[in-house]
1. Can you confirm whether Ile28 is at pLDDT 80 or above, within 16 Å of ligand 2 (Cβ to nearest atom) and assigned to a helix (DSSP H, G or I)?
2. How many residues are free of Cβ contacts under 8 Å to residues at least 24 places away in the same chain and either in contact with a Leu (Cβ under 7 Å, 6 or more places away or on another chain) or part of a helix (DSSP H, G or I) (or both) if we restrict to region 155-188?
3. Starting from region 193-211, take each residue that is within 16 Å of Val98 (Cα to Cα) and list its partners that are in a helix (DSSP H, G or I) and not β-branched (Val, Ile, Thr), counting only C-beta distances under 7 angstrom and pairs at least six apart or across chains.
4. Scan region 49-70 and tell me whether some residue there is among the polar types (S, T, N, Q) and surrounded by 14 or more Cβ atoms within 10 Å (Cβ to Cβ).
5. Quick test of your reading of the structure: Phe60 fulfils all but one of (1) closer than 18 Å to Gly142 by Cβ; (2) within 16 Å of ligand 2 (Cβ to nearest atom). Name the failing condition by number.
6. Give all pairs with beta carbons closer than 6 Å in which a residue from region 41-65 that is touching a residue at least 24 places away in the same chain (Cβ under 8 Å) meets a residue that is of a type in the set (Lys, Arg) and away from ligand 1 (no atom under 13 Å from the Cβ); count only pairs at least 6 apart in sequence or on separate chains.
7. It is to be established whether one or more residues within region 99-117 are free of Cβ contacts under 8 Å to residues at least 12 places away in the same chain, within 16 Å of ligand 2 (Cβ to nearest atom) and not charged (D, E, K, R).
8. Checking Leu137 against (1) within 16 Å of ligand 1 (Cβ to nearest atom); (2) in contact (Cβ under 8 Å) with a residue 60 or more places away in the chain; (3) surrounded by 15 or more Cβ atoms within 10 Å (Cβ to Cβ), which single condition isn't satisfied?
Amino acid sequence: MRDRTLIKRFFNHLFLFLMNKKEELDIIAGEVSKCALCPLSKSRTNTVPGSGDPDADILFVGEAPGEKEDLAGIPFCGAAGKFLDEMLASIGLTREKVFILNTVKCRPPGNRDPEDTEKEACKSYLNRQLEIIKPKLIVCLGRHSCNTFIPAAGGISKLHGKAVKRPNGQVYFALYHPAAALHNGGLRGTLMDDFKKVPAVLKKIKEQETKGNIKPDNDDKPIQTKLI
Ligand code: URA
Ligand code: SF4
């Protein structure tokens with residue numbers, strides 16, 4: 001019996017090893033589509049697992065799907081998404097060349113903030129997606145996304161436009177949320193200026209990689225707010 005379990009486990013691992021990134025991400029999207037781990041499952045129309053290039057260097061993490069996203073199953077396809085597309089174009093990118101996802105995959109009713117328990121319930125999907133895509137740079141859009149990845153680094157008003165490298169070598173870049181900038185005209189220019197720094201941050205990461213400057217995995221240490 002134990003032998004059979006071991007054999008099954010071996011073939012499961014072999015299967016995962018042979019799959020490409022797209023297939024692995026599709027498996028997660030399939031699990032998400034049936035997920036009932038938190039109450040957001042009850043009010044959603046569609047799940048919004050995320051989309052883009054599985055080999056992208058840059059991955060954007062927003063907050064949660066809104067009404068349009070819930071109807072289409074695609075992240076950032078409403079007004080905030082249009083603004084995001086414009087900012088991507090301003091640095092010579094399209095959404096097909098990056099990866100875009102959210103901290104939770106189902107729309108909170110009435111676009112309320114996702115609750116901590118909901119973000120926690122959804123986190124394993126997010127972590128697995130990041131593990132597969134392995135982006136060089138994670139861009140955190142807004143407070144929720146920043147708090148998920150760089151909570152100790154001190155709030156978005158202090159952090160926006162800055163790159164933070166964690167002890168595991170992963171670099172995060174904090175930005176105001178495009179929807180916040182649409183509602184508050186004062187943030188719009190700041191967000192657009194910050195966004196234009198993204199290519200330089202990526203370039204620096206690549207230079208550091210070539211120099212072998214990335215630290216070994218050591219994610220249990222507290223966050224260092226070391227700016228690159
Ligand atoms: N806002 C988000 O944070 N994510 C989306 O997908 C759309 C709007
Ligand atoms: Fe599951 Fe995440 Fe949707 Fe909650 S938000 S039901 S954890 S997929």
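The values are calculated or read from the model by the stated rules, or taken from the named source; none is laboratory data. Keep in mind the model is a prediction, meaning the values are calculated, not measured. Using ideal geometry, Cβ is built from the backbone for each residue, glycine included, and neighbour counts are taken over all protein chains shown.
1. On the way: at pLDDT 80 or above: yes; within 16 Å of ligand 2 (Cβ to nearest atom): yes; assigned to a helix (DSSP H, G or I): yes.
Judged against the criteria, Ile28 is a match.
2. Here is the first cut: in region 155-188, the ones free of Cβ contacts under 8 Å to residues at least 24 places away in the same chain are 155-159, 183-188.
Add one more test, that the residue is either in contact with a Leu (Cβ under 7 Å, 6 or more places away or on another chain) or part of a helix (DSSP H, G or I) (or both), and what stays is 156-159, 183, 185-188.
Qualifying residue count for the region: 9.
3. If the second residue must be in a helix (DSSP H, G or I) and not β-branched (Val, Ile, Thr), the pairs left are Phe195/Met87; Phe195/Ser90; Lys196/Ser90.
4. Initial filter on region 49-70 (among the polar types (S, T, N, Q)): 51.
Remaining after also requiring surrounded by 14 or more Cβ atoms within 10 Å (Cβ to Cβ): 51.
The answer is yes; a qualifying residue exists.
5. Only one criterion in (1) closer than 18 Å to Gly142 by Cβ; (2) within 16 Å of ligand 2 (Cβ to nearest atom) is unmet by Phe60, namely (2).
6. Hits for this filter: Asp53/Lys97; Pro54/Lys21; Pro54/Lys22; Asp57/Lys136.
7. To start, the set of residues in region 99-117 that are free of Cβ contacts under 8 Å to residues at least 12 places away in the same chain comprises 110, 112, 115-116.
Filter once more, so that each one left must be within 16 Å of ligand 2 (Cβ to nearest atom): 110, 112, 115-116.
Subsequent filtering for residues that are not charged (D, E, K, R) retains 110.
Taking every residue of region 99-117 in turn, at least one turns out to be free of Cβ contacts under 8 Å to residues at least 12 places away in the same chain, within 16 Å of ligand 2 (Cβ to nearest atom) and not charged (D, E, K, R).
8. That leaves (1) as the condition not met.
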